[in-house]
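Worksheet: one structure, shown below.
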Amino acid sequence: MDTELRWLKSYPSDVNWELAYTPEAIPALLDAAVTEFPDNPAIDFLGHKLTYSELDALVSRAARGLQKLGVGPGVHVGLYLPNCPHYFIGFLGVLRAGGTVVNYSPLDAERTLEHKIEDSQTDIMLTLDLEALYPRMASLMTRTRLRQLVVGSLVEFCGEVSDEQCHLLGKPAMVAWGDQCCSFAELLDNAGDYREHLLADPANTLAVLQYTGGTTGVPKGAMLTHGNITASCAQLREVLRSAIVPGQERVLAVLPPFHIYALMVNMIFGLRAAAELYLHPRFDVPTVLREISQSRITTFPGVPTMFIGLLAHPQTAEHDLTSLKMCNSGGAPLPVEVQQQYRVRSGCALREGWGMTETTTSGTFTPRDAAPRPGSCGIPVPGTQIRILPLDGGETELPAGERGEVCIQGPNITAGYWKRPDATAEAMTSEGFLRTGDIGYMDEDGYVYIVDRTKDMILCSGYNVYPRVIEEAIYEYPGVEEVSVIGVDDAYRGQAPKAFIKLKDGAEAFDFETLQAFLASRLGKHERLSAMEIRPELPKTPVGKLSKKELYEEERQRQASAASAATA
């Protein structure tokens, strides 16, 4: 057997690696669900439901409203929204209108949002009238290319908001309405008679700009086409074909939709399966436990921190979790112990996969009935090939068990980076394989193991955190001369950033809380430090460059000593 296809021997009998797939427009997924299950609930948001036919009508009205604002091919519309009906209606409405979606994270620092707006050429932004969202966009509108805000309100789709829900969602803000700021209700105030845009080439038509960080500190927009996204959806469908019953699945959607993993496993695949999505704006353990047991949730995609949180909560044993049949973990490595404990506690196997923004979240999967292989993230999804190539940039595939860079090819791979042909060329091999930056190996049976990263990146609660971004923010603090930020193990977040700082001569020392307060407006919440140390000197290479190798080794030894002391 060709070594590059060695995973075929491990493929389940009910999953076909040779993916039968035709690129299509993303709104066609909604069209199919409406045709087959018009009266089935599509969304449950805080106890209020929308059927597929109701969702379809709202999407058509959003498309028409957006077209009145000038949306069409080539126009980029931002979504600055949490898990709520507005996101689903806005996302599908933009695409039905012929435009392109740009996802924005509420976790981002304001300077990052400003960069994304300008770089992506976002003209219109959809958001909510919450204190955590609207004021930032109103401020950015005064100094960026943004020309129109569309502001929704949670009460539009859930009526009264209880005190508990208000605590989870945040307080409403005062909105300055005007010609450049209209309500979501105004956007939908039409007959839904949008102008249809038929895609001649879905495989090469841009659908989403999904920003991903970089070691330079400047986020890049991964161009995801309609074909990329529907290919990834087809891959998920093939992998889960024997487990999914169209029109009968109930999906717990707690992952934020602006993250590519959540977009695919909740919204896009939810449409393909005509599932009912239970939307939660935030992950709250007691609320999630009640939802699983009362609504008989069948599918729960999450990240390791969520499953760790469920296992640690004292009320978990009091709830019936037996309705769960599919639980998937992504975004960060899943500890084997968590995987084992979760199955004992819930009765449902917790499966792990690997992917990234540039692969439209699809990369590997763990077969449902396969024996556990600790440390492995599974085998390549249908329609993709994975090769382990030398770290020196060579393109000769390495033998089984040898470590190298994980490279992947398939219909789900990004079309490239927005306005960055240099970065696109650098990321691709001559045969069109994406260089992922992950170091790993493949065993004789085609199972992939991720062991390290070539990029200076920290995986924190499923988010990519780049030390360079944090370092640049710390350098703005008065008196800081040198900074090195590394990722350290964290029992809850997987990894967390820690800063090592050298002060200028005569500079006044400061404590951790003071630095955190200074960084609050400069970094996203996911980029916040877990610890810091001020030192008289930081390690350097022989040529005088800051070196993190010694810092990583110190942390490794410190953690090993702590573990040894705990078992003594």
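Do any chymotrypsin sites (Phe, Trp or Tyr not before Pro) in the stretch 183-245 lie in a loop, going by DSSP, with at most 10 other beta-carbon atoms within 10 Å of their beta carbon, and if so which? Provide the component values of the computation, followed by the final result.
On the way: sites: Phe184, Tyr194, Tyr211; in loops: Tyr194.
Loop-located and lightly packed - none at all.
Considering only DSSP states other than H, G, I, E and B, which GluC sites (Glu not before Pro) in the stretch 453-501 qualify as loop sites with at most 14 other Cβ atoms within 10 Å?
Numbers: sites: Glu471, Glu472, Glu476, Glu481, Glu482; in loops: Glu476.
Taking the stretch 453-501 and a limit of 14 other Cβ atoms within 10 Å, the loop GluC sites (Glu not before Pro) found are Glu476.
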Magnitude of the charge dipole, the stretch 34-365, Cβ model with Lys/Arg +1 and Asp/Glu -1, debye to 20: 580
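Under 1.5 on a/c is rounded, so check that first for the stretch 167-284, then, if it is not, pick prolate when a/b is larger than b/c and oblate when it is not; a ≥ b ≥ c are the square roots of the alpha carbon gyration tensor eigenvalues.
Details: a/c = 1.33, a/b = 1.26, b/c = 1.06.
Here the stretch 167-284 falls in the rounded category.
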For the stretch 34-365, diffusion coefficient by Stokes-Einstein and Kirkwood Rh (Cα), 25 °C, 0.890 mPa s, µm²/s: 120
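Let me know the shape class of the stretch 458-563, please: from the alpha-carbon gyration tensor, a ≥ b ≥ c as square roots of the eigenvalues, rounded when a/c is under 1.5, otherwise prolate if a/b is greater than b/c, or oblate. Intermediate values should be presented prior to the final figure.
Values: a/c = 1.62, a/b = 1.12, b/c = 1.45.
Oblate is the answer for the stretch 458-563, as a/c is 1.5 or above yet b/c matches or exceeds a/b.
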Sum of -39500 (n - 2.57) over DSSP H runs of 4+, divided by residues of the chain (222 nm, nearest 500): -8500 deg cm²/dmol
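Neighbour counts of other C-beta atoms within 10 Å: give me Ser547, Ser242, Ser430 arranged from fewest to most.
Working: Ser547 15, Ser242 12, Ser430 6.
Listed from fewest to most nearby Cβ atoms, that is Ser430, Ser242, Ser547.
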Residues with amide H under 5 Å from that of Ala207, placed H, sequence gap 5 or more: Leu224, Thr225, His226
Two-site label geometry, Leu546 and Ser139: point separation in nm, points 7 Å out along Cα→Cβ: 2.6
Gyration tensor (alpha-carbon) shape descriptor, the chain, a/c threshold 1.5: rounded
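As a footprinting exposure proxy, order Phe518, Phe157 by other Cβ within 10 Å, with the fewest listed first. Provide the component values of the computation, followed by the final result.
On the way: Phe518 16, Phe157 20.
With the sparsest Cβ surroundings first, the list reads Phe518, Phe157.
Determine the dipole magnitude for the chain: charges of +1 sit on the beta-carbon of Lys and Arg, -1 on that of Asp and Glu, nothing else is charged, the reference point is the Cα centre, and the result goes in debye to the nearest 20. Display every interim value, and only then the final one.
Details: 51 positive and 72 negative charges, 23 e Å.
Roughly 100 debye, rounded to the nearest 20.
Can you sort Ser530, Ser232 from fewest to most other Cβ atoms within 10 Å of each residue's own Cβ?
On the way: Ser530 16, Ser232 30.
Least to most surrounded, the residues fall as Ser530, Ser232.
Values quoted throughout were computed directly from the atomic coordinates according to the rules given, and no laboratory measurement underlies them. Note that the structure is a prediction, hence the values are computed from the model and not measured. As a convention, Cβ positions derive from the backbone with ideal geometry for all residues, glycine included, and neighbour counts pool all protein chains shown.
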